[in-house]
Amino acid sequence: MSSHTSISQDKLSRLIGTAKTPVLIDVRTDEDFAADPRLIPGAVRRGHQDAPNWGGEFAGRPAIVVCMRGEKLAQGTAAWLRHADVSAETLEGGFEGWKEAKLPLVNASKLPPRDAQGRTVWVTRARPKIDRIACPWLIRRFVDPNAVFLFVTPPEVVAVGERFNAVPFDIENVFWSHRGELCTFDVMIEEFGLSTPPLLRLATMVRAADTARLDLSPEAPGLLAASLGLSRMYDDDLEQLEAGMLLYDAFYRWCRDATGETHNWPTNKAKA
């Protein structure tokens, strides 16, 4: 049973992928992490022994601390974080319990190097429409909440990536791009190990809208219309991305929670 300083796997799994996801801090030892180098979606790695030094980084924010089994390392770190004005809880059962429950885990070997502020940095073509909004949404919600996205002219994507240590995506001849009939969003879900039913359903919608195969998903025309509408509303790519985050939050929650729900206007009953 959850206490006031711990959170259940089920409750955390419902928060992940939403804008309300708390900071997730993995404090497993280096040896334990090397034995299974995967992360709960969105988690960052920190050393438990240095918690008094880095705890202030998360001041004023809710956080969940994860160690191997939810015991001494997580509880001690969470206690230190609470001294730094962090509303810190521990994950019941820790990493092992999450893994045993077969909940999603991100392959950390696929994560790009982080910058001096601990962020992953990505670069793609300017004027995004579908894939180049969907992929940043996926990264921020499931991989790195603090990820930075650079939008540049198409010919400069690779060079900007090289000069600014940014990972190019959704252009030809790079790792993170279309593969056969799959779009970049599909590829990221597969490579990061995020093939959950809601994300796979969303991926079909994205692929259908992004590759002009609207027959693949009845919802794809709506996603296409909303995406093109956003691209006309915003001249600034970063403003469009922020608006698109809300759009994909809504589509994801529909894929996860509301696919069976309908909305019917009540019929008027004839007066007796």
Hits in the stretch 8-35 - residues which are assigned to a strand (DSSP E or B) and either among the basic types (Lys, Arg) or touching a Gly at 6+ places or on another chain (Cβ under 9 Å) (or both) = Val23, Leu24
List the pairs whose first member sits in the stretch 249-272 and is acidic (Asp, Glu), whose second member is open to solvent by 60 Å² or more (accessible area, probe 1.4 Å) and modelled with pLDDT of 75 or more, and whose Cβ atoms are under 7 Å apart, counting only residues at least 6 apart or on separate chains?
-> Asp249/Ala19
Selected residue [in contact with a Cys (Cβ under 9 Å, 6 or more places away or on another chain), in contact (Cβ under 8 Å) with a residue 12 or more places away in the chain and within 23 Å of Gly17 (Cβ to Cβ)] from Phe169, Phe142, Phe192 = Phe169
Please go through the stretch 116-168 and pick out each residue that is acidic (Asp, Glu) and in contact with a helix residue (DSSP H, G or I) (Cβ under 9 Å, 6 or more places away or on another chain).
-> Asp131
Asp50: touching a Gly at 6+ places or on another chain (Cβ under 9 Å) and not in a strand (DSSP E or B), yes or no?
-> no
How about the stretch 131-146: which of its residues are open to solvent by less than 10 Å² (accessible area, probe 1.4 Å) and in a loop (DSSP other than H, G, I, E, B)?
-> Val143, Asp144
Could you tell me which of the residues Pro154, Pro145, Pro112 is in contact with a Phe, Trp or Tyr (Cβ under 9 Å, 6 or more places away or on another chain) and closer than 30 Å to Tyr234 by Cα?
-> Pro112
Could you say whether any residue in the stretch 72-94 is part of a strand (DSSP E or B), at negative phi and among the hydrophobic types (A, V, I, L, M, F, W, C)?
-> yes
Just give me the residues in the stretch 57-104 being touching an Asp or Glu at 6+ places or on another chain (Cβ under 6 Å) and of a type in the set (A, V, I, L, M, F, W, C), in sequence order.
-> Ala59, Ile64, Val66, Met68
Gln9 versus (1) over 17 Å from Arg140 (Cα atoms); (2) in contact with a Lys or Arg (Cβ under 7 Å, 6 or more places away or on another chain): which is the lone unmet condition?
-> (2)
Sort out which residues of the stretch 46-92 are open to solvent by 80 Å² or more (accessible area, probe 1.4 Å) and of a type outside the set (D, E, K, R), and write them in order of number.
-> Gln49, Asn53, Gln75, Trp80, His83
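The values are calculated or read from the model by the stated rules, or taken from the named source; none is laboratory data. The structure presented is a predicted model; accordingly, all values stated were derived computationally and were not measured. Note: ideal-geometry Cβ built from the backbone for every residue, glycine included; neighbour counts use all protein chains shown. When the accessible area is computed, the model is the full protein with side chains, heavy atoms only, and any ligands, DNA or RNA have been set aside. Shrake-Rupley method; radii C 1.70, N 1.55, O 1.52, S 1.80 Å.
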